[in-house]
Amino acid sequence: MKIMHCPLNGPRNISEFTYGGEVEAHPDPHRCSLAEWTDFVLLENNTRGVVREWWFHAPTAFWFIAERDTVTDEIVRTYPATELFSARMDFPPPPAGDGGKDEP
């Protein structure tokens, strides 16, 4: 059985967690091109070595960051996202006339 250390709940069975993708810069969905947004949503870097990843502990709905070696699948370190991100990121509203479904 593989164990992952949850920063909130301690050591837990890996089956309680869901992988959320690599930690990377999030483009503004209202300002980037469709190609840039598509790349962000669908493509992964597939980096060899230690990578920062988002992980979700399903029973407590807690998101955190894990540093995992993609070669050995060893989880090197886990920590709350607040250790990496100190401020909330807010996106500006979409530009007027973008054809959104909220428009008449």
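Bear in mind that the values in this text are calculations on the coordinates, not laboratory data. What you are looking at is a predicted structure, and each value in this text was computed from that prediction instead of being measured. Note that we place each Cβ from the backbone using ideal geometry, even for glycine, and neighbour counts take in every protein chain shown.
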Are any residues in the stretch 14-66 surrounded by 10 or more Cβ atoms within 10 Å (Cβ to Cβ), farther than 17 Å from residue 4 by Cα and among the hydrophobic types (A, V, I, L, M, F, W, C), and if so, which ones? 23, 32, 37, 40, 41
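What tally of residues in the stretch 65-86 results from selecting those that are within 16 Å of residue 13 (Cβ to Cβ), of a type outside the set (Gly, Ala, Ser) and outside any loop (DSSP other than H, G, I, E, B)? First the steps, then the outcome.
Going through the stretch 65-86, the residues within 16 Å of residue 13 (Cβ to Cβ) turn out to be 66, 73, 75, 78.
Next cut, of a type outside the set (Gly, Ala, Ser) only: 73, 75, 78.
Narrowing further to those that are outside any loop (DSSP other than H, G, I, E, B): 75, 78.
Residues meeting the conditions: 2.
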So which residues in the stretch 17-35 are in a loop (DSSP other than H, G, I, E, B) and out of contact with any strand residue (DSSP E or B) (no Cβ under 6 Å at 6 or more places or on another chain), if there are any at all? 24, 25, 26, 27, 28, 29, 30, 31, 32, 33
